[in-house]
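Reviewing the structure listed below.
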Amino acid sequence: MRGVFKSRVGPWLSLLAVGVLVLVAALPTTVTSQARPSGAPAELKIGFVDFFSGAGATFGASGKTATEWLVDKYNSEGGIGGVKLKVVIVDEAGGPDKQVTELRRLALDEKVNAVVGYTSSANCLAIAPVAEELKVLTVVHICGTHRLTEDRPVKYVFRTSNTQASDSVALARYVLSAKPDVKTIAGANEDYAWGRDSWEAFKIAMQRLKPDVQVVGELWTKFQAGEYSAEISKLLAAKPDVIHSSFWGGGLITFVNQAGPRGLFKQSQVLFSTGEQVLQDLKTIMPDGVIVAPRTTGAYFLDPDPAKNPMQKEFVEGHHKRFGRYPDYPAYRTYQAWSGLKAAYEKAIKQAGRWPTTEEVIKAFEGLSWETPSGTITMRPDHQAVHGGIVGITKMSPKHGFAILDRVVRLRADDVAPPLGTKTLDWVGSLKK
Amino acid sequence: MRLLTIILMDGTVFAAVLFLISVGLTLVFGVLRILNVSHGGIYAFGAYMATYLAIKILGAGASPYLTYLMLLAGAIIIGMVTGPIIERVFLRRIYGSDQHITLLLTFSIFLILDDLLKLIWGTKPMFVSQPYTLLGEFSIAGIPYSWYQVVLIVVSIVFGGALVWAVRGTRFGKIVVSVINDREISQAIGINVNRIYTVSFTLGAFCAALGGALIAPTISVTPGFALDATVLAFAVIAIGGMGSLEGAALGALIVGLLRALAVHLLPEADLVVIYLAMILVLVVRPEGLFGQVELRRI
C-alpha cells in the first residue's frame, strides 16, 4: 500500500513544488509591483451586504456581479496599496433586526475592515447607529432615504450615491422640459417609505416648478404586489397627463406587463424612476416614449459613450462578457461605492505614509472626488456624495433587443441635490426652475 | 354607474386570481386538517415552471397559442411531482400532531421551495406575457381590459364548479367526505385513508400550481413573489370558512370587491379593508362564513 501511495503521490508533490517555485519567482512582478505601506495587513477584509433572496434579489444580483468584476480587477492590479481585497458576502434579506446582528457579526467575528452595501432604506437606517457604535467604516451604495445622513451626524457611515429625493426632482425637471404643458399628475407607488417618499418629493417638486399642476390620483400598492388591475383601471379613468411611479424590480415588470396592453402608456406620459434597471429584462415589452431613469445615476451602459470613455468601456464590456448582462444602475452604484472606498484608502495611505487607521481613511474620504464610469463623484463633509444623473425616454433598439434611452438629458449635481447644510425636504419645498 | 361597473369588473378579476390561489389551500385543510403554508411554494413553482416552459416553446419558434398548453403542462408537472413527495415524505409523519407542528413544517417546506427556485431559475425576474396579450383587449365603461382577465374569471368558475362536483357528485368525493368526517371509521370500513390523503394533497398541490401557472403571464415571477399571495389566500379562506370550497369562492369575491372599492375610493386603505373584513368575520363567526363548527371529540 505504502509503495503505491508513494509512487502515485511523488510526481504530484514534485509538480506542486515546481509550481510553488514558479509562483514565488513570479511574485515580484505581480503582488509586490505595488509597494506595500508599512503596517499593511495581509488582506483587506470587506463585507458586502445586498439582497440575494426575496424580491430585492434582482438588485443584489447586479450588486454582486459588479462587486465580483471590480474586486477581481482591483486584485489583479495589486489590490489597495498592495493589499488584496477579500469580500465577505451577506444577504440583506430578513429585516433590519437581522441586519444589525449581521453587522455585529461582520465587525466582531469576521473582523472586517469595512462594509459596503445596503439597498433598503429601512436597513441602512437601522445599521447606521450600530456602525457608529462599532466604529466600522460603512459605505452605503444604494439606499435612498435622505434621513441616513440628515437625522444625525455620521462619522463612520458614508453614502456614495444620490438620495431618492434627487430621483424625484430629476424626473420633475425632465418631464417639465419635455412636456411643459402638464396640467394633471398622478402617482402609483408602493405603500412603504420608498414609494411614499418618492411620490411626496415628486409631487412637491412638480408643484414648486409648475404651481398650476393638479394631483388627480395617488395610488398606494402593496410592496411588490402582483395584481395591478384595479390601479390601472383607476389611472385609465383619471386620465392624468403624467403618471409617476417608483415601482422597481419584479413589481415594475409586472406593472408594465399589465398596463401596456391596456393602453396606459398611450394615454398618459409615464415616468419610472428606476426604469432603466428593468429594460434588459422587459425586452420588447417596454413601449417607446416612457420616461425612465437609472435613479439619479450619471450613467447607463450606452451613456457616456463607451467608445469615448475607456473606464466606461472597460466596465460595460467586461461585465457583459463575464455575466451576459450590461451593468444597470445598481451595478454602477456598487462601482461608485467600491471605487470611493479604494480612492479614500489610497489617499489616506499617501497622507499617512503608512497603512492608515480607519479614522485616517474617514478623514481622507471627506471632500474626496473620484472618477467612475458614471462621472466624478464628490463626497461632501456630511458624508453624502453628490453627482449628476441622466434621464431619458425609451426607444426600442433592434440591435440590443430591448429599449434603450433616447433624448438623454444629463442633469448637474446642483440641479438634483440640496446644497451642503440644507435639509432635503426644505430644499425640495423651495425648488426654483 | 360607470365607476360601479369598473369596480365590479376589477373586483371580479382580482377575485378570480384569489380564488385560484386559495382553493387548493382550503381543499387541503378540508381533507387533511392542516394549514399548508407550503402551498405558496408550490404556487410559485407552478408559476416558474409554466413561465419556463412557455419561454422554451416560444424560443423553439412554436405558435404562441401553444403557450396556453405549456401553462397547463407546468401546473400538472409541479402538482404531480411536489404533491406526493411532500405528503408522503413529510406530512404523513405529523398527522394528528399539534397545529403549530404542521405550521412549522409546512413553513419550512415553503422556505426550502423558495430557495430551490433560486437554485434552478436564478434571481432575475422571469416573465412571459404572450398568453396575456395574445387574446387582445376589449372595453367596459370606456376602460380597456385584457381578454385574458376574462379567461381567468371563466377558468376559476369552471374549475371551482368541477371541484364541487368532484367532491359532491362522484364516488371519490363521497369517500373523501367520509374521511373528512371520521378518519378512523373510514379506515375501519376499508377505505385506504393514506391513499385518499395523498390524492387529496396532490389535488391541492395541482390547484396551487395551476393558480401560479395561470397568473404567471400577468406578472413577472421573482423570488419571494408568492409570500404575499399566500397571506392573502389565508385571509380569503379565513373569511369564507376553512375547508369550504364555496367559502373560498365567496371569500375571494368579498376580498376582491373590497380591494377594488378601496383602490377607487380610498386607495390608502386598500389593504386595511381586507384584514378588517377578515377580523369582522372572525369576531362574528369564528369558523368563517361557510365554515363548520368543529365538534370536540372525546
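Pairs A:Lys239/B:Lys124; A:Lys155/B:Lys124; A:Lys203/A:Lys423: which exceed 28 Å Cα-Cα?
A:Lys239/B:Lys124; A:Lys155/B:Lys124
Between A:Val215 and A:Ser177, what length in nm is gained on full extension when 0.36 nm per residue of separation is reduced by their alpha carbon distance?
11.8 nm
Count charges around A:Arg208 for me, please; just the other residues with Cβ under 10 Å from its Cβ, Lys/Arg as +1, Asp/Glu as -1.
My count for the surroundings of A:Arg208 gives +4.
Does anyone have the angle between helix A:329-352 and the longest principal axis of chain A? Alpha-carbon axes, 0 to 90°, nearest 10?
50 degrees
To the nearest 10 degrees, how steep is helix A:164-178 against the longest Cα principal axis of chain A, on a 0 to 90 scale?
50 degrees
Once both axes come from the Cα atoms, what is the angle between helix A:249-259 and the longest principal axis of chain A, in degrees from 0 to 90, rounded to 10?
30 degrees
I'd like the mean, over residues of B:212-225, of how many other protein chain beta carbons sit within 10 Å of each residue's own Cβ.
6
Pairs A:Lys86/A:Lys342; A:Lys179/A:Lys283; A:Lys308/A:Lys399: which exceed 23 Å Cα-Cα?
Table pairs above 23 Å Cα-Cα are A:Lys179/A:Lys283.
If packing is taken as the mean number of other Cβ atoms within 10 Å per residue, what is the order of B:252-261, B:101-110, highest first?
B:252-261, B:101-110
From Cα pairs below 8 angstrom and at least 6 apart in sequence, can you work out the relative contact order of the range B:2-284, rounded to a whole percent?
Relative contact order, the range B:2-284: 39 percent.
Just checking the protein assembly as shown: which Cys have no other cysteine's beta-carbon under 4.7 Å?
If one checks each Cβ against the other cysteines of the protein assembly as shown, B:Cys207 turn up with nothing under 4.7 Å.
Write down the percent of antiparallel bridges among all DSSP beta bridges whose residues are both part of the protein assembly as shown, to the nearest 5.
40 percent
Would you tally the net charge around A:Pro398, using a Cβ to Cβ cut-off of less than 15 Å, leaving A:Pro398 out, and scoring K and R as +1, D and E as -1?
Net charge in that neighbourhood comes out at +1.
Let me check against my output: what whole-number percent is the relative contact order of chain A, with C-alpha pairs under 8 Å and at least 6 apart?
It comes to 16 percent, rounded to a whole number.
With all protein chains present, how much of the accessible area of the protein assembly as shown (probe radius 1.4 Å) comes from carbon and sulfur, to the nearest whole percent?
The value for the protein assembly as shown is 63 percent carbon and sulfur by accessible area.
Between B and A, buried accessible area summed over both sides at probe 1.4 Å, in Å² to the nearest 100?
3000 Å²
Please sort through the DSSP H helices of chain B and keep those with an alpha-carbon extent of at least 27 Å along the long axis and a Kyte-Doolittle average not below 0.5.
Helices passing the filter in chain B: B:2-32, B:39-59, B:66-85, B:99-121, B:147-169, B:193-215, B:245-265.
The values are calculated or read from the model by the stated rules, or taken from the named source; none is laboratory data. Please read these numbers as outputs of a predicted model, since none were measured by experiment. Virtual Cβ from ideal backbone geometry, glycine too; neighbours counted across all protein chains shown. Just so you know, the surface numbers come from the protein's heavy atoms only, side chains and all, with ligands and any DNA or RNA stripped out. Shrake-Rupley method; radii C 1.70, N 1.55, O 1.52, S 1.80 Å.
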